[in-house]
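> A single structure is presented below for examination.
What follows draws every value from the coordinates through simple rules; no lab data is involved. Being a predicted model, the structure only gives us computed values, none of them experimental. All Cβ positions, glycine included, derive from the backbone under ideal geometry; neighbour counts span all protein chains shown.
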Amino acid sequence: MKKMTPKTRMDVSGFSLIEMMIALTIGLLVIAALTGVVISGSRSSKSNDRTADMQNGGRYAMDVLKRDIQHAGHHGLTGAEIISSTQTVTNECVAGFALNLRQSIFGANATNPYAATCIPAHEPNTDILVVRYVSLNSTPSTPGVAPTISAPLTANTYFFRSAYGVGTIYQGTAAPTSMTQEPQQDHTVETHVYYIRPFTVSATESPLIPALCRVILDKDGTMTNPNSPEVIASGIDQLQLRYGVLNADGTLQYLDANAVDAAANGATTTANNWDRVRAVQLWLTARSNRAEENAYVYSGNDMGDINAAASVANGTSHFRRQMFTSTIQMRN
């Protein structure tokens, strides 16, 4: 029978130094690969989140513009020609602009005619859209009697009183005395000016994120402070429009703002081609709020009088974009 002897320290088997180094190297490679997968997944998730935000912003901006354009020209009970007020409104884009209900739609093509007044910051080569109407919400009124003023309305709010065949603008408690027709309704005057601003919050933000903004005729009787417009949607960096002008033969011809009437300034109260606009073609692009690793190539896809490639500002080709477009029929 073989005699068993205890193992000495030298007899115990184990990993050699070389084996340990090989095992550690393999382990580190596996960990590095897993880390790369996690980082790639995280980047992909963040990129997908930014894409979703971009798409949501574009859809929301399009929806706001579409609804407002469909309201353009609404004048309550009256279908008669509107004689706009000559009152001066603080911060308005040009004299007679804010209360020009006669002109329900107006636009400026790739320029900013209001840089010194109501739109000091404007993204170059983007269009401006003006929409005017009276509010869809109304209250019955009594001839010669002013409406009851309650928040958010003020004594300086501009109202439009409509009756069949006649309508007039007045301010606050100074109700018109010449309107005797019944029934009557009071509406607030709605004037909205849409444009692209080069930044969302501040001109010093980095990176600069453009936004669709608007200035409005506020309930205090003035146009919005031009330095504090309403931000409709962040990340909108292009707005292009064409207007469907009704021809004598009943067809629509789509033109940019200059072709409709280059001489108009948004305050013209005499008959002009803007009175014959019956539809609006709208293009806008939404942009992600952070640059991606690779540059994007944009080609084709005309947007009004420019194409998608021309709409990309210098130095911003690494931002993902999506175009939204619609043709909107005016209802009024």
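> Do any cysteines of the chain lack a neighbour Cys whose Cβ is under 4.7 Å away, and which are they?
Cys213
> Expressed as an acute angle from 0 to 90° and rounded to the nearest 10, what is the orientation of the C-alpha long axis of helix 17-71 relative to the principal long axis of the chain?
That works out to roughly 10 degrees.
> For a footprinting-style exposure proxy, rank Leu24, Leu217 by other Cβ within 10 Å, fewest first.
Taking fewest neighbouring Cβ atoms as first place, the list is Leu24, Leu217.
> Near Ser141, within a Cβ-to-Cβ distance under 11 Å, what is the net charge of the other residues, with Lys and Arg +1 and Asp and Glu -1?
Summing Lys/Arg as +1 and Asp/Glu as -1 gives -1.
> Whole-Hz Karplus ³J(HN,Hα) for region 182-191, in order, using 6.51 cos²θ - 1.76 cosθ + 1.60 and θ = phi - 60°, x for Gly and Pro?
3J(HN,Hα) across region 182-191, in whole Hz: 10, x, 10, 9, 10, 10, 8, 7, 10, 10.
> Sum -39500 (n - 2.57) across every DSSP H segment of at least 4 residues in the chain, then divide by the residue count to get the 222 nm mean residue ellipticity, nearest 500.
Dividing the helical sum by the residues of the chain leaves -6500 deg cm²/dmol.
> Would you kindly calculate the translational diffusion coefficient of region 166-216, applying Stokes-Einstein with the Kirkwood radius from alpha carbon pairs, for 20 °C and a viscosity of 1.002 mPa s, and quote it in µm² s⁻¹ without decimals?
Using the Kirkwood radius from Cα pairs, D works out to 145 µm²/s.
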